[in-house]
Amino acid sequence: MANKKWELKPLVTEKSYALANALNKYIFLIPRGVNKIQIRQEVEKKYKVKVVGVNMIVRPGKLSKDLKTRKTYRKEDMKKAVVQLKKGDKIDEFLNIG
């Protein structure tokens, strides 16, 4: 995915909010095919913070059923990236919700 454009989508849930406050870890949704090095570079460039580590989880697409034709299909898989920042760095987009 070196030539394709992609963007980080912050995933703000109760669990991700708790991780951000307690362990300084932030969760982003990213497309398949993006690697850890690209995620690290994008987070550092966009939010101007220092990334310590990146872990990824594949979120499988959900099964859906078309009620008209009774065919089942799967939605696209997504990746979740858990990004840990250097102690003292924060991303305000996560913490100022609500």
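Matching residues to (1) loosely packed, with under 12 Cβ neighbours inside 10 Å; (2) touching a Leu at 6+ places or on another chain (Cβ under 9 Å); (3) on the phi > 0 side of the Ramachandran plot:
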site: 6; (1), (2), (3): no, no, no
site: 11; (1), (2), (3): no, yes, no
site: 16; (1), (2), (3): no, no, no
site: 19; (1), (2), (3): no, no, no
site: 33; (1), (2), (3): yes, no, yes
site: 42; (1), (2), (3): no, yes, no
site: 62; (1), (2), (3): yes, no, no
site: 72; (1), (2), (3): yes, yes, no
Of all residues in the stretch 66-98 being closer than 18 Å to residue 47 by Cα and without any contact (Cβ under 8 Å) to a residue 24 or more places away in the chain, the one that is farthest from the chain's Cα centre (by Cα): 88
Quick one: what pairs do we get from the stretch 42-59, first residue free of Cβ contacts under 8 Å to residues at least 12 places away in the same chain, second not hydroxyl-bearing (Ser, Thr, Tyr), C-beta under 8 Å, 6+ apart or different chains? 44/50; 44/51
Of a type in the set (Gly, Ala, Ser) and either touching a Phe, Trp or Tyr at 6+ places or on another chain (Cβ under 9 Å) or surrounded by 17 or more Cβ atoms within 10 Å (Cβ to Cβ) (or both): does that describe residue 53? no
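Per-residue answers, yes or no, for (1) among the charged types (D, E, K, R); (2) over 14 Å from residue 81 (Cα atoms); (3) assigned to a helix (DSSP H, G or I):
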| residue | (1), (2), (3) |
| --- | --- |
| 19 | no, no, yes |
| 22 | no, yes, yes |
| 27 | no, no, no |
| 38 | no, no, yes |
| 54 | no, no, no |
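Each reported figure results from applying straightforward, stated rules to the coordinates on display, with no laboratory input. Quick caveat: nothing in here was measured; it's all calculated off a predicted structure. Note: ideal-geometry Cβ built from the backbone for every residue, glycine included; neighbour counts use all protein chains shown.
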